[in-house]
Amino acid sequence: MTKLEQIEKSVTELDKQEFEAFSAWFEALQAERWDRQMEADAASGKLDRFVEKALADFRAGKTRPL
């Protein structure tokens, strides 16, 4: 049995309260990893073209207030 299969089996055996706690933890973990990836992408310049496009659209009057 692979590590992933072991995890899947363990998760399916959780009771309702344990599953809810696991789900909350896992969602927080995903959000934290996503945040770290976004920070790394921003620092490396991977998002610069999107920033420039947004600023160009704003300067050209192609935006509207939220």
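The values are calculated or read from the model by the stated rules, or taken from the named source; none is laboratory data. What you are looking at is a predicted structure, and each value in this text was computed from that prediction instead of being measured. For the accessible areas, the whole protein counts, side chains as well, though only heavy atoms, and no ligand, DNA or RNA atoms are used. Shrake-Rupley method; radii C 1.70, N 1.55, O 1.52, S 1.80 Å.
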Exercise. Residues in the range 53-64: is at least one at pLDDT below 95 and charged (D, E, K, R)?
Worked result: yes
Seminar exercise, completed: The correct count of residues that are of a type in the set (S, T, Y) and open to solvent by 100 Å² or more (accessible area, probe 1.4 Å) in the range 1-28 is 1
Problem set entry | Filtered residues of the range 29-66 (kept if open to solvent by 60 Å² or more (accessible area, probe 1.4 Å) and among the hydrophobic types (A, V, I, L, M, F, W, C)) | W34, M38, A43, F50, V51, L55, F58, A60, L66
